[in-house]
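In what follows, a single structure is set out as structure tokens and then discussed.
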Amino acid sequence: MLKQSRSVSQSTYVAYTKGQSLAARRRAETMEENRVKLIGAARRAFAASGFAGASMDDLTAEVGLTRGALYHGFGDKKGLLAAVVAEVDSEMAERAQHAGSGAATDWERLIAEGEAYIEMALDPEVRRIVLLDGPAVLGDPATWPSQNACLDVTKQAVTRLIADGIMQPVDVDAASRLLSGAAFNAALWVSASDTPRTALPKAIAAFRLMAEGFLVRRS
């Protein structure tokens, strides 16, 4: 009888924990769905009105959520901007890599990716969210996870180019930070220019000339 009682109790416990696990999974799914909705709404709002002008009440209402969901998922408006910047900046990196995918050499691929990143300063969404509001609200881009992910990709490329004798044997971290930083700051300059389409070719030409200083000189 005691053995049977224990068996019933164990079965009840297993059923209970399974129920809890299912409920926990559902909560996690709901939180992720809400997160995606809020990032999408915030992305549209920040692109249209800027960080300062975007209304948290309006964007949460747009997706049928409350401010409580926003605070629970992101902490505050600044946290929401960080999530949006991370998404847009990651997409920029993917676009840059796609732009460089057709290059004939690893060196030209690296340059093409940098030039493509600079050119994205002409994109109104990129300009407002990543290049204007991002640094103003979130601080130094070198601290952004998305920028550090881009830096890691650049380090891999620089390591290969040095090993192949294309780039001079400089410190990989230093060279990668200079190349990545130059591309980002060139994009900042283009985005802040009164005549961005005039500034763009100047920025790209200067970026390429600076980068070529890393090349091994052939006699």
Subject >> Hits in the range 117-154 - residues which are among the β-branched types (Val, Ile, Thr), within 13 Å of the chain's Cα centre (by Cα) and open to solvent by less than 50 Å² (accessible area, probe 1.4 Å) >> reply: Val126, Ile129, Val130
**OP:** Out of Ala199, Ala163, Ala211, Ala157, report the one residue that is at negative phi, open to solvent by 20 Å² or more (accessible area, probe 1.4 Å) and among the small types (Gly, Ala, Ser).
**Re:** Ala163
Original post:
Does Leu122 qualify as being modelled with pLDDT under 95, closer than 20 Å to Ala48 by Cβ and touching a Leu at 6+ places or on another chain (Cβ under 8 Å)?
Top reply: no
**OP:** Give me a count of the residues in the range 17-71 that are open to solvent by less than 80 Å² (accessible area, probe 1.4 Å), part of a helix (DSSP H, G or I) and among the hydroxyl-bearing types (Ser, Thr, Tyr).
**Re:** 5
Original post:
Any idea which residue in the range 72-116 is surrounded by the fewest Cβ atoms within 10 Å (Cβ to Cβ), counting only those that are aliphatic (A, V, I, L, M) and over 19 Å from Ala183 (Cα atoms)?
Top reply: Ala104
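The values are calculated or read from the model by the stated rules, or taken from the named source; none is laboratory data. All figures in this text were calculated on a predicted structure; none of them were measured in a lab. Using ideal geometry, Cβ is built from the backbone for each residue, glycine included, and neighbour counts are taken over all protein chains shown. In case anyone asks, the SASA skips ligands and DNA or RNA and just uses the protein heavy atoms, side chains included. Shrake-Rupley method; radii C 1.70, N 1.55, O 1.52, S 1.80 Å.
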